[in-house]
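Trainee: Please see the structure below; I have some questions.
The values are calculated or read from the model by the stated rules, or taken from the named source; none is laboratory data. Computed from a predicted structure; not experimentally measured. Heads up, the Cβs are rebuilt from the backbone with ideal geometry, glycines too, and the neighbour counts pull from every protein chain shown.
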Amino acid sequence: MYCDSHCHLDGYEEGQLAALLENARNKGVELVVGVGTTLEASEIATDLSRRFPNVVPAVGVHPWWAIPLEGEALATLKRLAGLKGVVAIGEVGIDSERYPDTVDLQWQSFRQEVALAKEMGLPLLLHCKGDRPRVLEYLRSQGATRGVFHGFTGDSIEASEWLDLGLYIGIGLRAFTRDPSPVREQAIASIPLDRILLETDSSPRSYASEEAMEPARVVDVAQKVARLHGVSAEEVGRRTTANVRAMLGM
Ligand SMILES: [Zn+2]
């Protein structure tokens, strides 16, 4: 059994998503977390979770698409977060590497989302590229220590910083394919299996690209993590699925 703890399910053509989720189920992927990136995508994630029983939704505004999260926009996000079955606030965080110009706006939104996660008792699905010391310090000061640092591509020092905060670490195929290095592999080997989540971060865009990413490929991630940890892919799948359920309170 496996769980894709982070993918984006909005924007597929009708029928395509059902086929991808069916393929995932056939490969042993029993649970898929459909993650929001905008208010619209978050709404879609909640709709999809009603149509597909193995999908659970997270709602949030991704830092790449940061908006002033106040007034009606904030009320919408709060409404979505309160819907039955919503399991997390995400994908939220800071990306000062890719969009340095909007970093103030990103912080304004992120603060609201951290507060909302606390208010609702939901974990955070965190995106953080750049500004890491400030993000770590902020989350610590807010006691926002439940959730996952998603899309890990760092070294063992970075891994230990997120782990010390109390977060899980989300690992996808890109951790192995984008600028792979022994340092990265060492870092992944150093993360205890009971703190790792597997993810594809797949979306219609990455599915259509050369990567051909889809939720079923979380099994490939399990195989790569298994090799570094010296256990079977099945064991990695079983344990990381239990981690997701623990994090989401399922
Ligand atoms: Zn994502």
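Trainee: Could you please find all residues in the stretch 131-153 being modelled with pLDDT under 95 and within 17 Å of the chain's Cα centre (by Cα)?
Mentor: Residues satisfying the conditions are A144, T145.
Trainee: Can you give me the number of residues within the stretch 4-31 that are of a type outside the set (G, A, S), surrounded by fewer than 21 Cβ atoms within 10 Å (Cβ to Cβ) and either within 13 Å of the ligand (Cβ to nearest atom) or farther than 18 Å from D47 by Cα (or both)?
Mentor: Residues flagged as of a type outside the set (G, A, S), surrounded by fewer than 21 Cβ atoms within 10 Å (Cβ to Cβ) and either within 13 Å of the ligand (Cβ to nearest atom) or farther than 18 Å from D47 by Cα (or both) within the stretch 4-31 amount to 6.
Trainee: Determine, yes or no, whether E91 is under 14 Å from E199 (Cα atoms), among the acidic types (D, E) and buried (at least 22 other Cβ atoms within 10 Å of the Cβ).
Mentor: Considered against the rule, which asks whether it is under 14 Å from E199 (Cα atoms), among the acidic types (D, E) and buried (at least 22 other Cβ atoms within 10 Å of the Cβ), E91 comes out as yes.
Trainee: Out of the residues in the stretch 206-233 that are without any contact (Cβ under 8 Å) to a residue 24 or more places away in the chain and in a helix (DSSP H, G or I), which is farthest from G147 (Cα to Cα)?
Mentor: A208
Trainee: In this structure, does G34 turn out to be touching a helix residue (DSSP H, G or I) at 6+ places or on another chain (Cβ under 9 Å), closer than 17 Å to R111 by Cα and within 16 Å of the ligand (Cβ to nearest atom)?
Mentor: No; evaluated as a whole, the condition is false for this residue.
Trainee: Kindly establish whether S109 is touching a Pro at 6+ places or on another chain (Cβ under 7 Å), surrounded by 20 or more Cβ atoms within 10 Å (Cβ to Cβ) and not aromatic (F, W, Y).
Mentor: no
Trainee: So, one more: Tell me, please, whether a residue that is more than 30 Å from A18 (Cβ to Cβ), among the β-branched types (V, I, T) and at pLDDT 95 or above can be found in the stretch 192-201.
Mentor: The answer is no; no qualifying residue exists.
Trainee: Run down R98, R111 and say which single residue is assigned to a loop (DSSP other than H, G, I, E, B), over 24 Å from R245 (Cα atoms), among the basic types (K, R) and at pLDDT 95 or above.
Mentor: Only one candidate passes the filter, namely R98.
Trainee: Tell me which residues, restricted to the stretch 192-220, are crowded, with 20+ Cβ neighbours inside 10 Å, over 30 Å from I157 (Cβ atoms) and not small (G, A, S).
Mentor: Answer for the stretch 192-220, where residues must be crowded, with 20+ Cβ neighbours inside 10 Å, over 30 Å from I157 (Cβ atoms) and not small (G, A, S): Y207, E214, P215.
Trainee: Now, a different point. I want to confirm something. Restricting to the stretch 166-187 and keeping residues that are touching a strand residue (DSSP E or B) at 6+ places or on another chain (Cβ under 6 Å) and over 17 Å from P215 (Cβ atoms), which single residue is surrounded by the most Cβ atoms within 10 Å (Cβ to Cβ)?
Mentor: Ranking the candidates gives Y168 first.
Trainee: Conditions first: (1) closer than 20 Å to G93 by Cβ; (2) among the β-branched types (V, I, T); (3) touching a residue at least 60 places away in the same chain (Cβ under 8 Å); (4) in a helix (DSSP H, G or I). I157 passes all but one, so which condition is the exception?
Mentor: Every condition holds for I157 apart from (3).
Trainee: Give the residues of the stretch 201-232 that are of a type in the set (D, E, K, R) and either more than 14 Å from the ligand (Cβ to nearest atom) or under 15 Å from the mean Cα position of the chain (by Cα) (or both), sorted by residue number.
Mentor: D201, E210, E214, R217, D220, K224, R227
Trainee: Going by what's in this entry, would L116 be described as touching a strand residue (DSSP E or B) at 6+ places or on another chain (Cβ under 7 Å), within 20 Å of V56 (Cα to Cα) and either within 16 Å of the ligand (Cβ to nearest atom) or β-branched (V, I, T) (or both)?
Mentor: no
Trainee: In the stretch 46-66, which residue that is assigned to a helix (DSSP H, G or I) and in contact (Cβ under 8 Å) with a residue 24 or more places away in the chain is farthest from the ligand (Cβ to nearest atom)?
Mentor: Checking each candidate, the answer is R50.
Trainee: Now for a different question. Any chance the stretch 71-88 includes a residue that's at pLDDT 95 or above and within 14 Å of the ligand (Cβ to nearest atom)?
Mentor: yes
Trainee: Quickly run through the stretch 170-199 and pick out the residues that are out of contact with any Leu (no Cβ under 8 Å at 6 or more places or on another chain), of a type in the set (D, E) and either in a helix (DSSP H, G or I) or without any contact (Cβ under 8 Å) to a residue 24 or more places away in the chain (or both).
Mentor: Selection gives D194 alone.
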